[in-house]
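Right, one structure below, let's go through it.
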Amino acid sequence: MPQDIRIEDIASYEGQEVTIKGWLSLKTGKGKLQFLRVRDGTGVVQAVLLRKDVSPEAFESARRLSLESSLIVTGIVRADERAPGTPGGYELSVTDLQVVHEAQEYPIAPKEHSVEFLMDNRHLWLRSSRQWAILRVRATVVRAIRHWLDGHGFLNVDTPILTPAACEGTSTLFETDYFGEPAYLTQSGQLYNEATIGAFGKVYCFGPTFRAEKSKTRRHLMEFWMVEPEMAFADLEECMRVQEEFVSYIVQTALRERAPELDILERDTAPLQRVQPPFPRISYDQAVEMLNRGGVAITWGEDFGSPHETYIAEQFDRPVFVHHYPSQCKAFYMEPEPGRPEVCRSVDLLAPEGYGEIIGGGERMSRLELLEEAIQRHNLPRQAYEWYLDLRRFGSVPHSGFGLGVERTVAWICGISHIRETIPFPRTLQRIYP
Ligand code: 4AD
Ligand code: MG
């Protein structure tokens, strides 16, 4: 009996007869010879049919088979350096072929399609090699995130998606009806993380996050995934130390485990190899000076836009921390710098190569009076934040944390220009289909 295998394991079956279940992604051939490119989710292999080796019915169905038909092929695994595919280097000499379903004419051809068309067909586009490669990198990034945190004393404590109040700012909330009361889709689990550190010390939440941002940039989605570690007894310095170790681990894991995928994406991996701690650190003040010297004008107190972030990042060969932003640029909970309350103990991590901010975070306010004042200054409904204020009444500690956006990180590692391709079904300003 031939063994059922998946293409990623094909190298272990050289000379053996195996069965592969998948889809037809490309077909060429003539006369007595048919080449079927078969995709099974884990890789792609070329199946070679010789008329004399298979039944007339099998040969005939191969000849007629439409692209993206599902099929089961059986054959002998042969090593051949020139064999195309992923992992490549092996092909299948077919002994039998069974068609499971004959596909209708497939709308996506190897020719150029518009992004709109591809996005309308996202449910099918996911089968293309580029999309396959990106989402395999994403899965590895997600696993590396969990693995690093689980191994460094962080407990996974997930936070709610339906929430009664804002975390990052009221202008980007998706509102929904909660039995007659307004509720909002979460913008960040941070405030809840600040509660759970009181029970568990070091925690992280990891899940979807929602921002009703009316922005159409390459870096914004309405629904994205964020991992948010939070640590009791940790200051801004400690927060940066954790971030640089964490991000380096994620990038190095992707390089190690996803070389074929990065190759499909034609990613130059040299800049990623350099992602090792320590990362450079500059203050917002220094960044403003650097920008003005470099001709990218900015006034102190303004938040950075994408040209500013790109310019700053270009000055370094690895991700760079920008810390101590003006308090006016940041959320209400940021700890002010003692003696210099116009800046706060916040930090953003900017990725190289124009990818911009991938992490936002910093030290949180730990004093009750300061936080009460901040909530008032930001016109937030005090009642909704009573529980959050409690955390400063019962064993308050200096604490820090951060949020890393999965899609921006994956876009950077893959070297792709738009984050809409880094999530299976993107939610953008103009799109919620499919
Ligand atoms: O800087 P942000 O808004 O920070 C927070 O939400 C903090 N509460 C996190 C924390 O300290 N626990 O978002 C963090 C990261 C950004 O750096 C970015 O990578 C990603 O989340 N992000 C987005 N990604 C895609 N689309 C959007 N609209 C995003 N908004 C933020
Ligand atoms: Mg931010």
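Bear in mind that the values in this text are calculations on the coordinates, not laboratory data. It should be emphasised that the depicted structure is a prediction, and the values quoted were computed from it without experimental measurement. Because the Cβ atoms are built from the backbone with ideal geometry, glycine has one as well, and the counts that use them run over all protein chains shown.
Below is a table of values for the structure above.
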| read-out | value |
| --- | --- |
| Taking the chain and dividing mean pair separation by its residue count, relative contact order in percent (alpha carbons under 8 Å, at least six apart) | 13 |
| Dipole magnitude of the chain about its Cα centre (Cβ charges: Lys, Arg +1; Asp, Glu -1), debye to nearest 20 | 1200 |
| GNM flexibility winner over the chain from L24, L350, L404 (Cα, springs under 10 Å) | L24 |
| Sparse-neighbourhood loop sites, chymotrypsin sites (Phe, Trp or Tyr not before Pro) in the stretch 285-321 - DSSP loop, at most 13 other Cβ within 10 angstrom | W300 |
| Under Karplus coefficients 6.51, -1.76 and 1.60, residue-wise ³J(HN,Hα) of the stretch 35-43 in Hz, glycine/proline x | 10, 10, 8, 10, 10, 10, x, 9, x |
| Loop-located chymotrypsin sites (Phe, Trp or Tyr not before Pro) in the stretch 387-427, at most 11 other Cβ atoms within 10 Å (DSSP) | F394 |
| Residue with peak Gaussian network fluctuation, the chain [Cα springs, cutoff 10 Å], from V288, V99, V343 | V99 |
| Within the stretch 3-101: Cβ-based charge dipole about Cα centre, in debye rounded to nearest 20 (Lys, Arg +1; Asp, Glu -1) | 520 |
| Distance between the stretch 1-39 and the stretch 252-302 - C-alpha centres, whole angstrom | 41 |
| Helical contribution to [θ] at 222 nm, DSSP H n ≥ 4, -39,500 (n - 2.57), averaged over the chain, rounded to 500 | -8500 deg cm²/dmol |
| Fewest-first ranking of V115, V44, using other Cβ atoms within 10 Å as the exposure measure | V115, V44 |
| Size of electric dipole in the stretch 42-188: Cβ of Lys, Arg +1 and of Asp, Glu -1, about Cα centre, debye, nearest 20 | 660 |
| Selected from F210, F59, F246 as most flexible by GNM, with the chain as the system and alpha-carbon contacts under 10 Å | F59 |
| Estimated FRET transfer efficiency when R0 is 51 angstrom, pair C329-D150 (beta carbons, to 0.05) | 0.95 |
| Ascending count of other beta-carbon atoms within 10 Å, so fewest first, for K214, K21 | K214, K21 |
| Top positive-direction residue, dipole computed over the chain with Cβ charges, set V115, V347, T163 | V115 |
| Size-normalised alpha-carbon gyration radius of the stretch 3-101, reference 2.2 N^0.38 Å | 0.94 |
